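Below is one structure, written out as structure tokens; comments come after it.
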Amino acid sequence: MSVRRPLIAGNWKMHVVGDEADAYCAELLRLLDADGVPAAELALFPPFTALERVSGALAGSDVWVGGQNVHEAESGAHTGDISVAMLAGAGCGGALVGHSERRALGETGPALAARVRAALDGGLRAMLACGESLEQREAGETEDWVTGQVREGLAEIRPDDVERFSIAYEPIWAIGTGVVATPEQAQDACALVRRVAGEFLDRDQIRVLYGGSVKPENAAELLGQPDIDGALVGGASLKPADLLAIARAA
Ligand code: 13P
């Protein structure tokens, strides 16, 4: 069985404007220098407007930068979208696909598999997000729903993509709510994600992350679960010290 390096990714969502991105990167680099680089791999998903400055500021560090979304088409009439080449040109090494906040706007279905494929074909890493709503969990539909999301999102994946691919399980009811999944709930769902992803990729190699109200205080217990290989962090990633505290808990 291969050892999976933990991956801690910060999703800034629609936060961090202009110079704030420079200050963030300076602080992150200062902390990495002062306290050492964590064993976990680090990634950031800044808003599109900050991609170039963040990737520039962090060039030469081990932190990779990704887009919060990516379109499957190479180019064309897609107002408001962003292509793989645009992300790569802005210094990105990856892209997030299918975050629940995008799915809620109608970005669902086979296009997500095409986005994963496009990102990987363009030399980027791809991180697919999945997760159920509170209503689905309470109705006992979590397993069927998440299984369907993983199968749909991996429809175009190939076994040799595994090193540049990851899946973030983010229950919608835990996102931005302060209500974190219990370690058992998170472990069970991440084990399910791994099992289903194992239909397409080497299950021992694929990294499965948990996301939803991850903080320095709850990170160690979540990241200590056998099928949780990292975290996708929203709110707490806006402070470099908190992101690094989570990474050091991995
Ligand atoms: P929070 O960590 O703010 O709950 O956000 C989770 C998330 O959606 C990351 O993509």
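The values are calculated or read from the model by the stated rules, or taken from the named source; none is laboratory data. Note that the structure is predicted; figures quoted are calculated from it, not measured. Positions of Cβ are generated from backbone atoms using ideal geometry, with glycine treated the same way; all protein chains shown enter the neighbour counts. Accessible surface is based on the protein model in full, side chains and every heavy atom, while ligands, DNA and RNA are left aside. Shrake-Rupley method; radii C 1.70, N 1.55, O 1.52, S 1.80 Å.
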message = Between residue 20 and residue 78, what is 0.36 nm times their sequence separation minus the Cα-Cα distance? Round to one decimal in nm.
response = 18.0 nm
note = Taking a crude spin-label model, label points 7 Å out from Cα along the C-beta direction, the residue 145 to residue 37 distance in nm is 3.9 nm
query = Considering the zone a paramagnetic label at residue 182 would reach in this model (a point 7 Å from Cα along the Cα-to-Cβ line), which residues of the range 135-154 have amide N under 12 Å from it?
reply = none
ask   = Which value in deg cm²/dmol, rounded to the nearest 500, describes the helix-derived mean residue ellipticity at 222 nm for the chain, given -39,500 (n - 2.57) per DSSP H run of n ≥ 4 and division by the residue count?
value = -11500 deg cm²/dmol
key: Solvent-accessible area, 1.4 Å probe, carbon plus sulfur percent, for the range 7-249   = 52 percent
ask   = Rounded to the nearest 0.05, what FRET efficiency is calculated for residue 221 and residue 3 with R0 set to 22 Å and r the Cβ-Cβ distance?
value = 0.60
task = Grab the Cα-Cα distance for residue 199 and residue 27, subtract it from 0.36 nm times how many residues apart they are, and report the gain in nm with one decimal.
result = 57.8 nm
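Cβ neighbours within 10 Å, averaged per peptide: list 197-203, 9-15, 31-37 in order, most packed at the top.
Ranked by mean Cβ neighbours within 10 Å, highest first: 9-15, 197-203, 31-37.
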query = For the range 57-136, with every protein chain kept in place, what is the accessible area per residue (1.4 Å probe, Å²)?
reply = 40 Å²
ask   = Got a sec? What order do 3, 150 fall in by accessible area at 1.4 Å, biggest, i.e. largest, first?
value = 3, 150
